[in-house]
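Enquirer: Questions regarding the structure given below will be posed in turn.
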Amino acid sequence: QVQLVESGGGLVQPGGSLRLSCEVVGRIFSRITTGWYRQAPGNEREMVALMFDDSSTTYADSVKGRFTISRDGAKDTLYLQMDSLRPEDTAVYYCNVQKLGVNFWGQGTQVTVSS
């Protein structure tokens, strides 16, 4: 059984930084696409960043240059480094793993950017 366990959310002031972590339990950390999504109240869930199996990445325009996705294969952990945070980044953030057409989701972690 695959589980994604997130951590690292919280309250931060505008301009601050946070790093989200997502531990993937279940030994599927190969030939996968990994990513981070977010959902703000009243909005649909949106893609924030993706990392493909060849380690190439793509980002939403709104976070380019501020967020960085990475993963540690030895620890089966996915990260999202978020810098220069803005109030509009406030949302619940979810990690995602896609393998062979199957999606696995983390439980979500709240990120609030406010002074």
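Enquirer: What FRET efficiency comes out for the pair Glu46/Val102, r = Cβ-Cβ distance, R0 = 25 Å, nearest 0.05?
Expert: 0.75
Enquirer: Taking 0.36 nm per residue of sequence separation and subtracting the Cα-Cα distance, how much length would be gained by fully extending the chain between Ser7 and Arg86, in nm to one decimal? Intermediate values should be presented prior to the final figure.
Expert: Values: separation 79, 0.36 × 79 = 28.44 nm, distance 1.97 nm.
Gain on stretching Ser7 to Arg86: 26.5 nm.
Enquirer: Here's a follow-up. Roughly how many debye, to the nearest 20, is the charge dipole of the range 11-99 about its Cα centre, given +1 on each Lys and Arg Cβ, -1 on each Asp and Glu Cβ, and no other charges?
Expert: Details: 11 positive and 11 negative charges, 34 e Å.
Taking the Cα centre of the range 11-99 as origin, the dipole is about 160 debye.
Enquirer: Sticking with this one: For Arg19 and Thr68 in the same chain, what is the full-extension length gain: residue separation times 0.36 nm, less their Cα-Cα distance, in nm?
Expert: Values: separation 49, 0.36 × 49 = 17.64 nm, distance 0.94 nm.
That pair, Arg19 and Thr68, stretches by 16.7 nm at full extension.
Enquirer: Could you pull out every residue, at least 5 positions away or on a different chain, whose amide H is within less than 5 Å of the one on Thr90? Hs are placed 1.01 Å off N in the peptide plane, and Pro or chain starts have none.
Expert: Under 5 Å from the amide H of Thr90: Val113.
Enquirer: While we're on this one: List the trypsin sites (Lys or Arg not before Pro) within the range 62-115 that DSSP assigns to loop and that have no more than 11 neighbouring Cβ atoms inside 10 Å.
Expert: On the way: sites: Lys64, Arg66, Arg71, Lys75, Lys99; in loops: Lys64, Arg66, Lys75.
Filter output for the range 62-115: Lys64.
Enquirer: Averaging sequence separations of C-alpha pairs under 8 Å and six or more residues apart, then dividing by the length of the chain, give the relative contact order as a whole percent.
Expert: Values: 277 pairs, mean separation 41.9, N = 115.
Reported as a whole number, the value is 36 percent.
Enquirer: Using the eigenvalues of the Cα gyration tensor, what equivalent ellipsoid semi-axes result for the chain when each is taken as the square root of five times the eigenvalue, whole Å, largest first? If you can, show how the numbers build up before the last one.
Expert: Numbers: eigenvalues 107, 38, 34 Å².
Equivalent ellipsoid semi-axes, largest first: 23, 14, 13 Å.
Enquirer: Related question: For the chain, with all protein chains present and a 1.4 Å probe, just round the carbon and sulfur fraction of the accessible area to a whole percent. All intermediate terms of the calculation are to be shown ahead of the outcome.
Expert: Values: 2780 of 6200 Å².
Here carbon and sulfur together make up 45 percent of the probe-accessible area.
Enquirer: OK, next. DSSP loop chymotrypsin sites (Phe, Trp or Tyr not before Pro) in the range 35-114 with at most 16 other Cβ atoms within 10 Å of their Cβ, which ones? The partial results should precede the final answer.
Expert: Values: sites: Trp36, Tyr37, Phe52, Tyr59, Phe67, Tyr79, Tyr93, Tyr94, Phe104, Trp105; in loops: Phe52.
Answer by residue number: Phe52.
Enquirer: Among Gly9, Gly42, Cys22, which residue has its Cα furthest toward the positive end of the charge dipole of the chain, with +1 on Lys/Arg Cβ and -1 on Asp/Glu Cβ?
Expert: Cys22
The values are calculated or read from the model by the stated rules, or taken from the named source; none is laboratory data. Predicted, not measured: the structure shown is a model, and the values here were computed from it. Note: ideal-geometry Cβ built from the backbone for every residue, glycine included; neighbour counts use all protein chains shown. Each accessible area value is taken on the protein alone, full model and side chains, heavy atoms only, with ligands, DNA and RNA left out. Shrake-Rupley method; radii C 1.70, N 1.55, O 1.52, S 1.80 Å.
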